[in-house]
Amino acid sequence: MLQKNPECLTSQLSMQKTREEYNAVLQDCRDIFIRKNNDYGTSWRNFRPSSLTDQLLIKALRIRNIEQTGENRVGDDIRSEFKGIVNYGIIALVQLKVEAGTVSPENNEEILALYDAAATETRDLMLMKNADYGEAWREMRTSSFTDMILVKIARIKQIEDNLGKTDISEGVDANYQDIINYAIFALIRL
């Protein structure tokens with residue numbers, strides 16, 4: 001239900017627009033995930049979480065290199081790399097649940113249900129944070145999202161090197177969620 005206060009109404013409309021844009025990008029990434037899963041099956045299940053972190057690193061470094069040099073010899077554009085970051089981030093969240101033994105997906109429907117659950121949880125986190133930050137991401141440069149993703153990856157690698165132990169910080173799952181959200185913000189901005 002929309003509030004009658006003009007400032008609240010504007011904020012609510014902006015948040016509604018963000019939700020719609022976010023869902024459209026997420027649906028595109030989900031479609032890619034489904035098509036790749038049809039091509040490759042669940043071969044990604046062989047990745048350990050640390051290997052998924054490295055896959056995210058490779059994609060983020062490639063984006064940064066293209067942003068800095070303007071050179072793109074492979075042909076995949078920055079948008080496709082950010083979509084890859086979204087999917088690898090969601091796969092990492094799924095792997096964390098599977099590695100913890102809480103689920104054991106047997107078929108594509110179960111895999112997709114895990115993908116959707118991780119994506120929904122991540123989107124809901126974004127909506128809560130976005131309300132607190134007042135859509136500040138809309139004023140940011142795309143290159144800042146790349147840098148923030150690289151920082152989050154460095155944090156995950158440190159937590160992985162510490163065998164998952166943190167004294168005061170969030171765990172790897174929260175960092176993966178932030179990476180996914182930054183990548184989706186970048187895709188919306190692009």
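The values are calculated or read from the model by the stated rules, or taken from the named source; none is laboratory data. No experiment lies behind these values; they were computed from the predicted model shown. Here the Cβ positions follow ideal geometry from the backbone for every residue, glycine too, while neighbour counts run over all protein chains shown. SASA here: full protein model, heavy atoms, side chains in, ligands and nucleic acids out. Shrake-Rupley method; radii C 1.70, N 1.55, O 1.52, S 1.80 Å.
Pick from region 31-45 the residues that are within 13 Å of residue 94 (Cβ to Cβ) and of a type outside the set (Ser, Thr, Tyr): which of them is most open to solvent (accessible area, probe 1.4 Å)?
Out of the qualifying residues, it is 45.
Which one is farthest from the chain's Cα centre (by Cα), of the residues in region 47-80 that are among the charged types (D, E, K, R) and assigned to a helix (DSSP H, G or I)?
In this case the residue turns out to be 67.
Identify the residue in region 108-139 that is farther than 29 Å from residue 44 by Cβ and of a type in the set (D, E, K, R) and, among all such residues, is most open to solvent (accessible area, probe 1.4 Å).
Among those residues, the one meeting the criterion is 139.
In this structure, does residue 42 turn out to be of a type in the set (S, T, N, Q) and within 29 Å of residue 15 (Cα to Cα)?
no
Suppose we filter 152, 97, 165, 83 for residues that are open to solvent by 70 Å² or more (accessible area, probe 1.4 Å) and either at pLDDT 95 or above or assigned to a helix (DSSP H, G or I) (or both); which single one remains?
Going through 152, 97, 165, 83 in turn, the sole match is 97.
Assess whether residue 175 counts as being in contact with a helix residue (DSSP H, G or I) (Cβ under 7 Å, 6 or more places away or on another chain), at pLDDT 95 or above and open to solvent by less than 20 Å² (accessible area, probe 1.4 Å).
Considered against the rule, which asks whether it is in contact with a helix residue (DSSP H, G or I) (Cβ under 7 Å, 6 or more places away or on another chain), at pLDDT 95 or above and open to solvent by less than 20 Å² (accessible area, probe 1.4 Å), residue 175 comes out as yes.
Does region 25-43 hold any residues that are in a helix (DSSP H, G or I) and of a type in the set (Val, Ile, Thr), and which are they?
Scanning region 25-43 gives 25, 32, 34.
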